[in-house]
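Below is one structure, written out as structure tokens, with a few remarks after it.
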């Protein structure tokens with residue numbers, strides 16, 4: 001089970017990231033059910049952490065525009081399991097997308113300080 005908190009009507013979850021040749025860090029991420037990928041991090045953060053580059057992709061944004069962005073490899077701790085996931089270098093704030101939430105139940109109490117709960121289905 002993964003817990004987070006609602007702050008200013010934003011569902012936030014801390015994700016443990018294992019950058020290459022560094023200790024673990026926790027990054028506060030916004031849950032974005034409109035994002036179908038795994039994670040995004042701002043490009044400057046991806047560069048600072050030295051995440052390995054994979055390839056460029058065309059990202060389809062909420063306004064249906066396309067933007068070329070870079071995909072990097074990241075290693076995270078998700079529900080007690082270390083996982084390798086693609087991370088898009090895009091935007092101004094870290095996002096958790098629905099690919100990371102697949103096979104999980106997401107519950108959010110949308111009030112200040114509300115509980116964000118992510119739990120495996122079944």
Could you check, for region 97-119, whether at least one of its residues is in contact with a helix residue (DSSP H, G or I) (Cβ under 9 Å, 6 or more places away or on another chain) and closer than 19 Å to residue 23 by Cα? no
Only one of 36, 28 is in contact (Cβ under 8 Å) with a residue 40 or more places away in the chain and not in a loop (DSSP other than H, G, I, E, B); which? 28
Inspect all residues belonging to region 48-66 and state whether any of them is at pLDDT 95 or above, assigned to a loop (DSSP other than H, G, I, E, B), over 19 Å from residue 80 (Cα atoms) and within 16 Å of the chain's Cα centre (by Cα). yes
Taking the criterion of being over 16 Å from the mean Cα position of the chain (by Cα) and either at pLDDT 95 or above or more than 16 Å from residue 14 (Cα to Cα) (or both), would at least one residue in region 67-89 satisfy it? yes
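The values are calculated or read from the model by the stated rules, or taken from the named source; none is laboratory data. Nothing here was measured: the structure is a model prediction, and the numbers come from that model. Positions of Cβ are generated from backbone atoms using ideal geometry, with glycine treated the same way; all protein chains shown enter the neighbour counts.
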